[in-house]
1. For segment B:107-163, which strands (runs of 3 or more DSSP E) that fit wholly inside it have 3 or more residues that are crowded, with 16+ Cβ neighbours inside 10 Å?
2. What's the number of the only condition in (1) farther than 22 Å from residue B:362 by Cβ; (2) within 14 Å of another protein chain (Cβ to nearest Cβ) that residue A:349 fails to meet?
3. Is it the case that segment A:95-117 has a residue that's part of a helix (DSSP H, G or I), over 18 Å from residue A:188 (Cβ atoms), at pLDDT 95 or above and assigned by TED's automatic domain parsing to the domain that holds residue A:227?
4. Just the residues that are under 27 Å from residue B:368 (Cβ atoms) and either without any contact (Cβ under 8 Å) to a residue 24 or more places away in the chain or at the interface with chain B (Cβ under 9 Å from one of its Cβ atoms) (or both), please, taken from segment A:324-335.
5. May I ask you to list the residues in segment A:50-63 that are in contact with a helix residue (DSSP H, G or I) (Cβ under 9 Å, 6 or more places away or on another chain) and surrounded by fewer than 20 Cβ atoms within 10 Å (Cβ to Cβ)?
């Protein structure tokens with residue numbers, strides 16, 4: 001007799017009350033992704049979920065999950081609203097990396113790594129972008145060469161989110177240089193602690209050190225590290241991009257918990273900003289803030305609309321790019337608006353009194369760049385949603401070793 | 001806009017579609033304009049026969065809808081009207097019917113409800129006033145209680161189909177209260193003066209009330225319920241506009257995409273230029289966002305959710321802001337032909353420009369959304 005969604009939710013409600021820390025969902029405790037302590041805490045909370053039988057609700061039972069429908073996860077998410085959850089494990093570890101392993105990896109890899117992640121023992125990340133370029137992902141030049149029965153990987157990766165806190169990375173490398181770019185790639189699951197990997201944290205202009213770059217120097221791994229087939233790594237990378245779009249659209253059944261991660265992911269409180277700036281009577285600023293609230297509301301409505309349209313087939317899966325660009329447009333509008341509202345207090349003074357708005361504005365373009373630029377997303381909409389002719393590409397159909405690249409610096 | 005529609009709903013939709021294609025092509029809109037007409041009354045009676053007018057009226061008052069979701073059905077009619085920027089008084093009639101059928105005691109108005117549903121009479125909402133913005137509950141037109149009923153004095157303007165209406169629902173100040181009254185346009189003291197508008201066939205009028213006497217039964221709803229009635233009428237008027245605009249945007253965007261694929265310059269289709277591709281990508285995104293926010297507001301208003309007012313303002317603001325941007329961009333994508341009388345683009349541009357500024361501008365609605373956010377915060 002299977003448990004109904006309601007019964008499951010009731011059981012979760014009782015268990016959460018006994019086992020998970022209570023929080024105020026309006027101001028969750030900050031879990032900065034560049035802080036080691038946040039990751040230790042997340043692993044600990046994940047372990048509790050696993051032991052309580054509430055981890056990996058939509059992952060199959062044979063890999064440590066519960067094998068239930070999305071409806072159970074959604075019901076669970078609703079119950080967790082007032083509890084501290086290991087939200088930073090959702091993306092990329094669960095929603096992108098584990099989801100892709102589920103689609104493409106061998107039984108052994110799935111049994112080992114998905115269940116370890118669900119137990120809170122492993123964190124997985126993506127090693128995709130390279131210093132030579134991010135948007136042209138299939139043009140990676142990190143190489144993996146066959147030596148005896150091992151693969152030896154050399155190259156450099158960058159913009160890997162939270163890699164310092166991770167155990168394994170999905171690393172895209174070139175294994176055949178004599179074929180066009182998409183056909184000579186292989187995906188490897190490499191241990192971040194491998195002695196051949198030197199990891200450096202990138203300091204963003206905000207001071208955050210969430211992102212990392214990795215130098216791979218003779219990183220040797222066995223055949224068991226190959227995800228999918230040799231030279232079929234693009235298929236695996238495409239699944240990652242697919243799962244990434246769904247995760248960004250808040251449409252992944254593999255995410256657990258529904259709150260935000262705190263800090264700058266807390267929605268901007270315009271009324272508070274306007275009042276604190278002493279501008280409660282300023283109709284022009286109130287109208288601007290109202291416009292930002294309108295665009296924010298439409299963003300959420302668009303996410304639901306596009307998700308339904310992709311599920312029903314009225315939009316192709318690449319329709320997720322509409323959400324990607326819209327998110328960026330709305331974030332831009334919001335940060336421009338808070339800069340206007342806070343006026344001089346946004347640029348001189350203390351955090352908490354307005355300066356935080358100016359500081360957030362400085363990082364405005366992050367959302368238009370990270371996860372693939374909005375320019376590439378607009379190409380995707382033009383070419384794969386609207387069916388317009390593809391851009392000319394000098395490397396199409398050309399063996400990769402004959403493709404012109406920038407000179408090594 | 002739901003994922004699965006019932007066979008009855010599909011039949012209703014396809015009948016409406018066939019009727020509009022046959023009876024209201026763009027050519028017809030141009031003919032009406034050339035003749036200086038707004039719509040043909042016999043055409044309107046045939047439209048009423050299709051069931052358009054009864055959708056907001058309960059069955060016991062002679063209305064009803066095949067799906068049980070009258071507002072949803074009306075929304076889909078409005079979206080289809082956008083395909084050919086069709087003429088006709090559907091929205092003014094619907095808004096007046098919403099008041100007559102929605103007030104606590106509709107029985108004094110059953111004969112009028114019947115005539116409006118049958119398309120025999122046309123009615124419109126006289127809510128705006130000269131030199132004033134969107135302030136539906138702050139009229140300067142007065143209604144004075146007298147022995148015979150009420151005496152109405154003052155001036156309304158921007159009354160859609162005012163010159164074609166047999167009766168107007170007039171918002172008036174009555175002592176310290178705001179009330180609404182049904183006023184026949186042939187009553188003594190009513191003077192109707194047509195106003196120009198940017199649209200080809202949507203006609204508006206200024207209406208002067210000079211000591212117009214109406215019976216006590218002309219009052220619609222009690223004083224206590226008037227604010228809620230006016231709010232609902234406004235929300236219906238606003239969301240139907242948004243629905244029609246979505247139909248307009250889809251039509252204009254689709255033929256502009258086709259144009260970009262067909263039209264060649266420098267030996268390649270316009271659609272192959274990245275600079276243009278990105279503009280089309282933005283337009284597609286805005287169009288889907290207009291569709292999303294409109295559908296969300298229709299769904300909330302249909303069930304009278306507590307946040308329906310905010311949802312409609314969000315949609316009205318966003319659609320009002322973006323519709324002009326999208327259609328003007330489509331004009332730009334067409335080049336010179338896009339700014340001619342001959343090309344149909346301006347028929348659509350006229351309608352979205354009209355709607356941007358009627359029943360509240362995006363700026364008005366942004367302020368409303370801010371104030372609602374503020375009120376919601378203090379409620380916590």
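The values are calculated or read from the model by the stated rules, or taken from the named source; none is laboratory data. What you see is a predicted model; the values in this text were computed from it and never measured. Here the Cβ is made from the backbone with ideal geometry for all residues, glycine too, and neighbour counts use every protein chain on show.
1. Per the criteria, B:123-126, B:149-160.
2. That leaves (2) as the condition not met.
3. No, segment A:95-117 contains no residue that is part of a helix (DSSP H, G or I), over 18 Å from residue A:188 (Cβ atoms), at pLDDT 95 or above and assigned by TED's automatic domain parsing to the domain that holds residue A:227.
4. Correct list: A:326, A:329.
5. A:50, A:51, A:52, A:53, A:60, A:62
Per-residue answers, yes or no, for (1) surrounded by fewer than 21 Cβ atoms within 10 Å (Cβ to Cβ); (2) touching a helix residue (DSSP H, G or I) at 6+ places or on another chain (Cβ under 7 Å); (3) assigned by TED's automatic domain parsing to the domain that holds residue B:343:
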| position | (1), (2), (3) |
| --- | --- |
| B:256 | no, yes, yes |
| B:260 | no, yes, yes |
| B:266 | yes, no, yes |
| B:271 | no, yes, yes |
| B:279 | yes, yes, yes |
| B:284 | no, yes, yes |
| B:287 | yes, yes, yes |
| B:290 | no, yes, yes |
| B:296 | no, yes, yes |
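The rows are residues; the columns are (1) within 12 Å of chain A (Cβ to nearest Cβ); (2) within 20 Å of residue B:357 (Cα to Cα).
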position: B:243; (1), (2): no, yes
position: B:246; (1), (2): yes, yes
position: B:264; (1), (2): yes, no
position: B:281; (1), (2): yes, no
position: B:296; (1), (2): yes, no
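Here is a yes/no grid of residues against (1) surrounded by fewer than 20 Cβ atoms within 10 Å (Cβ to Cβ); (2) modelled with pLDDT of 95 or more; (3) within 13 Å of chain A (Cβ to nearest Cβ); (4) not in a helix (DSSP H, G or I):
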| position | (1), (2), (3), (4) |
| --- | --- |
| B:311 | no, yes, yes, no |
| B:315 | no, yes, yes, no |
| B:318 | no, yes, yes, no |
| B:335 | yes, yes, no, no |
| B:355 | no, yes, no, no |
| B:370 | no, yes, yes, no |
